[in-house]
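The values are calculated or read from the model by the stated rules, or taken from the named source; none is laboratory data. For clarity, every value in this text was computed on a predicted model and none was experimentally measured. Virtual Cβ from ideal backbone geometry, glycine too; neighbours counted across all protein chains shown.
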Amino acid sequence: MRNVHVIGTGGYKPGEPIQTSTIEQLVGPLPDDVRAGIPTEQRYWMIDPLTGEHRDSNSGMARKAAAQAIETAGIDASDITLMILATGTPDYPLPPVVNLIQEQLGLERCATMEIRSGGAGVGQALDIARMYLEAGVHQTALVIGSEAISPILAPVYLGQDVRRIRMRERMPVYMFGDGAGAMVLSASDQPGGLFAGATACIGGRRKPGIHAVGGGTHAPIREQMAAKRLVDLRVDVVGAGDFTPVMITEAIRETLDAARVDVETIDACVLPEGNAGWMLDSLVESGLDGAEWKALDGKIIDSLSTIGAVGCAAVPLFLDQAWRAGQIPAGARLMIIGVESTKWIYAGSVIDWTLASPVSMSPAPVSAGR
């Protein structure tokens, strides 16, 4: 069986960073205890925060991240025969964003898939691509995660009296950002690469933790148009605090089991919100900070504070940023975990990383038990 390697990564953040002080001016302040639970200090939006004017698009950001990944991989776009994109905020219901990217890359023919997701999608896409490449159906694949959340946030405050914006409506504006990340995968006989991954939805009987209501077919269009906002982003912050640690704990355990590796062999773990204070406190309070979690102490890669919650873009964008900073050298064993509280879904993979670091640094130590 062939091995599947990440041979290129790319990332894109639109515009200039927006500081939390700007968000406070737009929607009003949060109580100190609530603000303390949101670690994001800056984020990037594809819209002008003052006017709501679009300066980019989901597909535009995705294309830029994809182009950088392709350049890093040293291949031509025509080498890609499989493309999988994950997003929860597409340009249009149809056609899929992935096919807009296909057109922009000039690919007349390509196998494509789109995963509608909120954070676990890229982990799922990686495992799907891995199976196709291992089986010899395709040689080179492009996996993208992208989100354009700011257009949904703008109606919360544009033209509104800040004093009348409810607290539950303010919080998502503080939390979310936009961006895109991409990875190029290729099959070869070289050792290392992706292990089998794990994914599950464990909220089949739970109400959604994130619910984007509007713009779909759940109700007559006339009723949706009469609503306060065409699209309303609802976030169950309390529910996320209670159940996300459960989801992350299971995700780590099942990902390690699927890859058949010990947690002690993991050198780094890309886990959005893995360093968030509220999550760490919840793990401790619920008794879920067990041996596997403790073994990852100091190894978590998480850019939430500087990029914001960016859904499907988080894993590939945080990964690209860490790789370019020299945090993931060739020879490292990397675990990636994507989670989402839409219906409480996780997806994870382990990768024996073979892509040389762009930063000159000593080789990563080989962990015991490999």
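Values for this structure:
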read-out	value
Condition met for Gly74 (within 27 Å of Gly192 (Cβ to Cβ) and buried (at least 22 other Cβ atoms within 10 Å of the Cβ))	no
Filtered residues of region 20-34 (kept if surrounded by 12 or more Cβ atoms within 10 Å (Cβ to Cβ) and either of a type outside the set (A, V, I, L, M) or at pLDDT 95 or above (or both))	Thr20, Thr22, Ile23, Glu24, Gln25, Leu26, Val27, Gly28, Pro29
Every residue from region 93-113 that is outside any loop (DSSP other than H, G, I, E, B), hydrophobic (A, V, I, L, M, F, W, C) and within 22 Å of Val4 (Cα to Cα)	Val98, Ala111, Met113
Test: residue in region 356-369 that is hydrophobic (A, V, I, L, M, F, W, C), more than 26 Å from Gln19 (Cβ to Cβ), modelled with pLDDT of 90 or more and not in a helix (DSSP H, G or I)	yes
Phe195 being farther than 30 Å from Asp76 by Cα, buried (at least 18 other Cβ atoms within 10 Å of the Cβ) and not small (Gly, Ala, Ser)	no
Tally, over region 284-306, of residues that are modelled with pLDDT under 85 and of a type in the set (Asp, Glu)	2
Given (1) crowded, with 17+ Cβ neighbours inside 10 Å; (2) within 18 Å of Asp178 (Cα to Cα), number of the condition Tyr92 does not satisfy	(1)
Hits in region 65-98 - residues which are of a type in the set (S, T, N, Q) and in contact (Cβ under 8 Å) with a residue 40 or more places away in the chain	Gln68, Thr72, Thr81, Thr87, Thr89
Complete set of residues in region 273-315 that are among the hydroxyl-bearing types (Ser, Thr, Tyr) and closer than 30 Å to Ser59 by Cβ	Ser303, Ser305, Thr306
Helices (runs of 4 or more DSSP H) wholly inside region 269-329 containing at least 3 residues that are buried (at least 18 other Cβ atoms within 10 Å of the Cβ), out of contact with any Phe, Trp or Tyr (no Cβ under 6 Å at 6 or more places or on another chain) and in contact (Cβ under 8 Å) with a residue 12 or more places away in the chain	277-285, 314-324
Test: residue in region 222-229 that is modelled with pLDDT under 85, more than 18 Å from the chain's Cα centre (by Cα) and of a type in the set (D, E, K, R)	no
Region 51-62 residues that are part of a loop (DSSP other than H, G, I, E, B) and at pLDDT 95 or above, paired with ones that are of a type in the set (Gly, Ala, Ser) and surrounded by fewer than 20 Cβ atoms within 10 Å (Cβ to Cβ) (beta carbon under 9 Å, 6 or more apart)	Arg55/Gly15; Asp56/Gly15
Residue match in region 304-317 (condition: over 24 Å from Gly37 (Cα atoms) and among the hydrophobic types (A, V, I, L, M, F, W, C))	no
